[in-house]
Amino acid sequence: MKVGILKEPKDEARVAMLPEAVKTLISWGAEVCVETGAGQTAYADDDAYRSSGAEIKQRAEVLTESDMICGIQALPLEEISKMKPDAVLLGQMGALFNPELTKFLIEQKRTAFSMELVPRTTRAQSMDVLSSMATVLGYKATLLAANSLPRFFPMFMTAAGSITPARVLVIGAGVAGLQAIATAKRLGATVFAFDVRQAAKEEVLSIGAKFIDVAGATEDKAAGGYAVEQSAEFIQRQKDTIHEHAQKADIIITTAQIPGRKAPLLVEERTVHAMKAGSVIVDLAASSGGNCALTQPDQTIDINGVRIIGVGNLAAELPQDASKMYGKNYLNFLKLIIKDGAINLNFEDDIVLGTCVCHAGEAKNSRIAEMIK
Ligand code: NAD
């Protein structure tokens, strides 16, 4: 069985597997071919892949010769058509939000797995690209904010006077939010955070931040530890609380998301206008609608001295470690679908079934099946 690794599109600096992951895959009995230059932006050159035992090929060869392609971004439809008919395609293709691609894959009777669909269960944790990339996002969001702030993060007592620590407000304390808090704490800021899940409170307190309580949040055990949509009254109370805290904050990092839905709008336009000039908002939910009313996806805008950074593909800005984590997630997932060096799909396994977009002309993931009805 031959596994292909392609060079990602121009705006993507990560690669699905670095040479060390390729080496492990080869030790399992697979052959691996890598498109020339695939690892360049993640600082892995063709020679490093060759030393791991991979062949270096042109893109067209990788596409047409591989039995399995592991990537990150979705492939264009015309390239999917060039793959072997029974080859398996893996990537983070956003299948739930890309009906055109999903329908095409089903019509073409392709076998495709979309890594953002990995069930968020304890057993699947080591394969969960959303979590590993959220760690990258939270870390980079704080660094981005620190870089844009016209002030220090830590407190200083110097002969040239005292500097008070920066005040950071993190909205949403999931994987990304907790990493943003931890990074801001390491840099010496005073950090406040809140979330609608009570479980998040303990985690926030354990890393030394202060938790802001807003009473009356709705939680649902059936959501598997995730946030659910809140009532209009609660969201208004949250907005008012944020409005109050935002006026004292130097930085707001927003990460609030609800799986499969538009991100909740929590930072209103009036709040941005009430913030101090020089303060910074980093909106990690920009691609799913934004937590701030004025966020523009992939853009930084300035509203009366308040900068709002609508974060794009921030994981690509830490390409080496992000690719390393991605590769590890892939290897853990591939262990489930490769047996004795050959592809072996067991749809009795909830992780294999849940991650599969389609196989043999049939949608496999239940939400995908629902979407294409
Ligand atoms: P996410 O990216 O979907 O959401 C980010 C955060 O926003 C969450 O903490 C959520 O509660 C919060 N949020 C949503 N609406 C909000 C609102 N109106 N106001 C404030 N906050 C709001 O979530 P995530 O970070 O991927 O994960 C959330 C939880 O699930 C975490 O506890 C995480 O540890 C757990 N998790 C478990 C697994 C697993 O077991 N495999 C994998 C991933 C995450």
When restricted to Gln179, Gln198, the only residue farther than 16 Å from Ile258 by Cβ, at pLDDT below 95 and of a type in the set (S, T, N, Q) is Gln198
Please work out if Val170 is within 23 Å of the chain's Cα centre (by Cα), of a type in the set (Val, Ile, Thr) and at pLDDT 95 or above.
yes
All conditions in (1) more than 15 Å from Gly310 (Cβ to Cβ); (2) buried (at least 18 other Cβ atoms within 10 Å of the Cβ); (3) more than 10 Å from the ligand (Cβ to nearest atom) are true of Val267 except (1)
For region 44-75 the number of residues that are closer than 21 Å to Ile338 by Cβ, out of contact with any helix residue (DSSP H, G or I) (no Cβ under 7 Å at 6 or more places or on another chain) and not β-branched (Val, Ile, Thr) is 8
Over region 30-43, the set of residues touching a helix residue (DSSP H, G or I) at 6+ places or on another chain (Cβ under 8 Å) and farther than 16 Å from Gly4 by Cβ is Thr41, Ala42, Tyr43
The correct count of residues that are of a type in the set (A, V, I, L, M, F, W, C), within 17 Å of Ala30 (Cβ to Cβ) and not in a loop (DSSP other than H, G, I, E, B) in region 64-102 is 6
- Task: Answer yes or no: is there a residue in region 189-196 that is of a type outside the set (Ser, Thr, Tyr) and away from the ligand (no atom under 16 Å from the Cβ).
- Result: yes
Selection from region 129-153 of residues within 11 Å of the ligand (Cβ to nearest atom) and among the β-branched types (Val, Ile, Thr) yields Val129, Thr135
Ala316: passes all of (1) in contact with a strand residue (DSSP E or B) (Cβ under 9 Å, 6 or more places away or on another chain); (2) more than 21 Å from Phe192 (Cα to Cα); (3) in contact (Cβ under 8 Å) with a residue 60 or more places away in the chain but (1)
Those residues of region 344-373 which are of a type outside the set (Asp, Glu), assigned to a helix (DSSP H, G or I) and under 15 Å from Ala124 (Cα atoms) amount to Ile351, Val352, Leu353, Gly354, Thr355
When region 197-218 is checked residue by residue, the ones that are of a type outside the set (A, V, I, L, M, F, W, C), more than 23 Å from His243 (Cα to Cα) and within 12 Å of the ligand (Cβ to nearest atom) are Glu202, Glu203
A careful count of residues in region 58-81 that are small (Gly, Ala, Ser) and closer than 14 Å to Ala95 by Cβ gives 2
If we keep only residues of region 103-128 that are more than 10 Å from the ligand (Cβ to nearest atom), assigned to a helix (DSSP H, G or I) and of a type in the set (A, V, I, L, M, F, W, C), then the residue surrounded by the fewest Cβ atoms within 10 Å (Cβ to Cβ) is Phe104
Subset of region 199-221, residues over 30 Å from Met157 (Cα atoms) and either under 23 Å from the mean Cα position of the chain (by Cα) or surrounded by 14 or more Cβ atoms within 10 Å (Cβ to Cβ) (or both), comes to Ala199, Ala200, Lys201, Glu203, Val214, Ala217, Glu219
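The values are calculated or read from the model by the stated rules, or taken from the named source; none is laboratory data. None of the values given here were measured: they were computed from a predicted structure. No Cβ is skipped: glycine too gets one built from the backbone with ideal geometry, and neighbour counts run over all protein chains shown.
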